[in-house]
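**Student:** Below: one structure in structure tokens.
The values are calculated or read from the model by the stated rules, or taken from the named source; none is laboratory data. The shown structure was predicted, so the numbers you read here are calculated from the model rather than taken from an experiment. Cβ atoms come from the backbone with ideal geometry, glycine included; neighbour counts cover every protein chain shown.
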Amino acid sequence: MKRLEWLADLGRIVIRFSYDPMLLEAVKSIPGRRWHRDQKFWSIPIESVGEAATLLLPLGFDPSSEVEGLLNGDVEGLAGLAQLVAENSGDSEAKDDGWSVTRLNETVRDAVIRSVPETVWLVGEVLEFDRNRHRDHVFFRIVEKTEGDDTPCATVSAVLFRGDRDRVLSRFEDAETELVDGLQVRVQVRVDLYVQGGSYQVVVEDIDPSYTLGEIARRRERILAEVRKQGLHERNLSLPFPKPALRVGVLTSPGSDAWKDLIEELRQSGFAFDVTLHGVHVQGDRAETELLAGLSYFHERAARFDVLLLIRGGGSRADLMAFDSLPLALAVAKHPLKIVVGVGHQADRSVLDEIAHSEKTPTAAAQHLVRLVSEYWQGVRGQVARIMVGAAHSIHTSRLDLQRLHALIIGASELALLERRRALQARGGSLAACAAGHIGEARGVHWALRRGLHSGSLRMLERARSHQVQQQQSLLGGARGCLRREGERQQARKARVQGADPSTILSRGFAWVKDESGRTISTADASLKGSKIEVRLRDGVLDARVEAARIDPSAGLSSRENDG
């Protein structure tokens with residue numbers, strides 16, 4: 001809005017415009033200009049109206065009816081302006097056919113501007129900023145919400161003009177955050193009414209980022225207070241890290257730098273990490289819902305994992321709002337897995353950083369896991385080394401004990417052998433004398449036994465020789481009988497074989513009948529009628545043909561009788 005207005009209370013012409021360096025330089029060149037810091041506008045004396053019109057009207061400024069009267073010469077000086085105001089406030093309007101829409105909107109705008117201070121600090125929550133932030137002029141809403149209710153109870157349209165946009169947003173950038181939907185803000189605005197559309201709005205001129213940061217902090221404290229009230233603030237923190245923590249679940253955005261940094265750090269460690277990624281958004285409207293679903297996924301499969309990482313790359317302080325959620329905080333606090341949070345923000349902490357193990361970056365989270373596994377591995381190696389040292393010490397001690405026992409045994413053995421040798425020598429003398437007597441007696445007995453054994457052996461040999469001769473004669477007789485009987489059996493078998501020889505059978509007057517295929521014919525089958533047959537006799541073969549076949553009952557009976 002670019003406007004030149006007469007302000008009777010001030011007695012000066014007010015210049016209203018959104019911040020623009022070019023317009024500001026033009027206004028500063030007007031004589032008698034004055035900046036009203038509290039009301040945030042410039043004003044000039046009526047004597048400078050001509051020069052102001054020459055500079056500002058070509059730049060798109062719109063003069064009010066009072067200023068236009070001064071420029072046209074219809075009114076002159078303060079007295080003329082006062083008279084014009086009086087005439088406009090009289091009954092002259094009643095004589096008109098009616099107000100135009102423009103006049104109505106301008107009148108309402110002037111009434112609104114007069115009834116509201118030039119600028120006010122407005123507190124509320126930002127909505128619809130994200131979807132319009134790419135435009136030159138950003139149009140959004142500022143809403144008021146009741147505590148505990150997410151439904152707005154009051155709303156107002158707001159605009160951040162291009163001239164003020166970079167300056168206002170840079171205030172947030174200096175505070176290491178950014179203006180996004182959902183933030184509670186304190187903005188300096190002036191009330192305006194867009195004449196062409198008849199819409200009421202506030203024009204944002206400045207913003208207080210410290211208020212927003214304070215509100216973010218207060219929101220976190222309220223969430224943490226509720227978690228503490230339920231006695232859950234240290235529940236996940238108190239869970240120990242499994243040893244070793246190699247089965248790792250991860251909640252982050254697939255393909256993000258956070259995911260790449262984590263995987264690279266774990267890969268370079270050389271340890272056998274088993275990593276499972278559940279992709280989620282880590283900022284924006286979908287973040288809370290997807291993070292809760294991801295936490296539920298790993299909750300149901302907790303037995304398959306050792307630790308759960310919730311990570312994201314760097315961002316502004318406002319990006320941490322995705323992690324400042326009471327449902328998310330309760331889900332993390334109650335989770336059965338040890339959770340490590342690495343949200344990539346060096347300056348601030350989210351609610352989740354307070355109730356779970358916190359690392360500043362995804363890389364730091366990976367390094368922490370690697371360090372834990374490395375410490376565990378070093379502990380295992382240390383235990384192995386201690387066991388080996390202990391075993392070596394035990395072996396050395398046992399070897400020394402064995403050497404000492406060996407020396408003792410050798411000494412005791414030599415002493416015992418010496419005593420035994422002496423005892424044996426003493427006994428040997430007595431034994432020699434006794435032995436000489438016993439040997440003499442034994443020698444006499446020996447000779448007597450020798451003579452008895454010699455005569456007895458001769459008798460036993462004679463008897464054994466006689467028995468052997470008898471057995472030999474018996475064996476020879478039995479063998480001759482067996483050979484004779486076996487020869488008789490062989491002769492009988494030979495006679496039977498010769499009797500079964502076909503040539504022998506044929507010599508007795510029998511014939512051997514075969515069909516054309518060479519098979520033996522043994523029955524009078526009627527189907528053979530007309531067939532060629534071969535009849536083999538003793539001295540030759542007859543080729544014949546079957547004229548008829550008949551059954552001879554007597555032949556069958558004779559055969560059965562013979563069988564019987």
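**Student:** Restricting attention to the stretch 271-290, does a residue exist that is at pLDDT below 90, part of a helix (DSSP H, G or I), farther than 18 Å from LEU330 by Cα and touching a helix residue (DSSP H, G or I) at 6+ places or on another chain (Cβ under 9 Å)?
**Tutor:** Within the stretch 271-290, none of the residues are at pLDDT below 90, part of a helix (DSSP H, G or I), farther than 18 Å from LEU330 by Cα and touching a helix residue (DSSP H, G or I) at 6+ places or on another chain (Cβ under 9 Å).
**Student:** So VAL250 fits all but one of (1) under 22 Å from SER325 (Cβ atoms); (2) exposed (fewer than 12 other Cβ atoms within 10 Å of the Cβ); (3) in contact (Cβ under 8 Å) with a residue 24 or more places away in the chain; what number is the exception?
**Tutor:** Here VAL250 clears every test but (2).
**Student:** Okay, next question. State whether one or more residues within the stretch 353-360 are among the small types (Gly, Ala, Ser) and within 30 Å of VAL227 (Cβ to Cβ). Talk me through it step by step, then tell me what you get.
**Tutor:** Taking the stretch 353-360 first, the residues among the small types (Gly, Ala, Ser) are 356, 358.
From the residues that got through so far, the ones that are within 30 Å of VAL227 (Cβ to Cβ) too are 356, 358.
Yes, there is a match, as at least one residue in the stretch 353-360 is among the small types (Gly, Ala, Ser) and within 30 Å of VAL227 (Cβ to Cβ).
**Student:** Follow-up question, since we're still on this one. Among the residues that make up the stretch 374-394, is at least one of them closer than 30 Å to ARG267 by Cα and of a type in the set (Phe, Trp, Tyr)?
**Tutor:** Checked the stretch 374-394: at least one residue is closer than 30 Å to ARG267 by Cα and of a type in the set (Phe, Trp, Tyr).
**Student:** Within the stretch 494-511, take every residue that is of a type in the set (D, E, K, R) and outside any helix (DSSP H, G or I) and give me the one that is nearest to VAL541 (Cα to Cα).
**Tutor:** Filtering first and then ranking leaves ARG508.
**Student:** Given ARG235, ARG219, which one is of a type in the set (Lys, Arg) and touching an Asp or Glu at 6+ places or on another chain (Cβ under 9 Å)?
**Tutor:** Unique residue meeting the criteria: ARG219.
**Student:** Still on this structure, please answer the following. Using the structure shown, decide if GLY80 is modelled with pLDDT of 70 or more, surrounded by 15 or more Cβ atoms within 10 Å (Cβ to Cβ) and assigned to a helix (DSSP H, G or I).
**Tutor:** Numbers: modelled with pLDDT of 70 or more: no; surrounded by 15 or more Cβ atoms within 10 Å (Cβ to Cβ): yes; assigned to a helix (DSSP H, G or I): yes.
Taking the combined requirement at face value, the residue does not satisfy it.
**Student:** Something else now. Among the strands (runs of 3 or more DSSP E) confined wholly to the stretch 119-169, which include 1 or more residues that are out of contact with any Lys or Arg (no Cβ under 9 Å at 6 or more places or on another chain)?
**Tutor:** 138-145, 152-160
**Student:** Could you pull out the residue among LEU4, LEU10, LEU24 that is modelled with pLDDT of 85 or more and either in the same structural domain as VAL168 (by TED's automatic domain parsing) or not in a helix (DSSP H, G or I) (or both)?
**Tutor:** From the options LEU4, LEU10, LEU24, the qualifying one is LEU4.
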